Amino acid sequence: MNEIKDLNDELIKFAFNFIKTSSMGNSYKIFKLYKIAPAMIPYVIDVWLDSLRMKGLKNICKGYLFYYNLLDLDRKLNFHN
């Protein structure tokens, strides 16, 4: 019974959602989750943040090339930190 209670915990739900999003390569949603992360999770994500940003930037450059606003990109990938 204790295992079922643990699965309903907000942090565990967030972790599963973040791992699923990360494995799909959805950079936009990863950074949306980073902004709303509960407790101390943003400090854990900071370890991988630079590589996640570069992967996101690489994907956006491939897909949009010259049609993407740089200020919008800065805000979505949290480069202003």
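The values are calculated or read from the model by the stated rules, or taken from the named source; none is laboratory data. Nothing here was measured: the structure is a model prediction, and the numbers come from that model. Glycine gets a Cβ as well: all are built from the backbone with ideal geometry, and neighbour counts include every protein chain shown.
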Of all residues in the stretch 36-67 being assigned to a helix (DSSP H, G or I) and exposed (fewer than 10 other Cβ atoms within 10 Å of the Cβ), which is modelled with the lowest pLDDT? GLY63
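Considering only the stretch 22-49, how many residues are closer than 20 Å to ASP72 by Cβ and either basic (Lys, Arg) or without any contact (Cβ under 8 Å) to a residue 40 or more places away in the chain (or both)?
Going through the stretch 22-49 one residue at a time, the tally reaches 9.
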Only one of LEU33, LEU7 is of a type outside the set (D, E, K, R) and modelled with pLDDT of 80 or more; which? LEU33
